[in-house]
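This report concerns only the one structure given below.
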Amino acid sequence: MNEPFLKIELRDSIAIVTLNRSQKRNALDEQAIAALDDFFSTVPTNVRAIVLAAAGPHFCAGLDLKEHHDKERSAI
């Protein structure tokens, strides 16, 4: 089973959101974007700050170009 793309830890009023796809340099695919959207759409009301971190040596490579290419998407 794959690890979840986001690891979310709540400490008092701080949410630590860790991108957890280091084998792909934390590149954002459809599932990752949906996970981020879900989290930021439902942040608990007691959270006053959000720290966005990343697993591994790279923060985020951007869009997962392999998935983008495989799904034959265009820039338009």
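The values are calculated or read from the model by the stated rules, or taken from the named source; none is laboratory data. Predicted, not measured: the structure shown is a model, and the values here were computed from it. FYI the Cβ positions are ideal-geometry reconstructions off the backbone, even for glycines, and counts take in every protein chain you see.
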(request) Would you mention how many residues in the stretch 1-23 are among the basic types (Lys, Arg), surrounded by fewer than 17 Cβ atoms within 10 Å (Cβ to Cβ) and touching a residue at least 24 places away in the same chain (Cβ under 8 Å)? (result) 1
(request) Only residues that are part of a loop (DSSP other than H, G, I, E, B), closer than 15 Å to Cys60 by Cβ and modelled with pLDDT of 95 or more: list them for the stretch 1-19, please. (result) none
(request) Consider only pairs whose beta carbons are under 8 Å apart and that are at least six residues apart or on different chains; among these, list those whose first residue lies in the stretch 32-60 and is assigned to a helix (DSSP H, G or I) and modelled with pLDDT under 95 and whose second residue is surrounded by 13 or more Cβ atoms within 10 Å (Cβ to Cβ) and charged (D, E, K, R). (result) Ala32/Arg21; Ala32/Asp64
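Of all residues in the stretch 60-73, which are within 16 Å of the chain's Cα centre (by Cα) and surrounded by fewer than 13 Cβ atoms within 10 Å (Cβ to Cβ)? Outline the logic, then answer.
Going through the stretch 60-73, the residues within 16 Å of the chain's Cα centre (by Cα) turn out to be 60-65, 67.
If the condition is that a residue be within 16 Å of the chain's Cα centre (by Cα) and surrounded by fewer than 13 Cβ atoms within 10 Å (Cβ to Cβ), then Gly62, Leu65 are the ones that fit.
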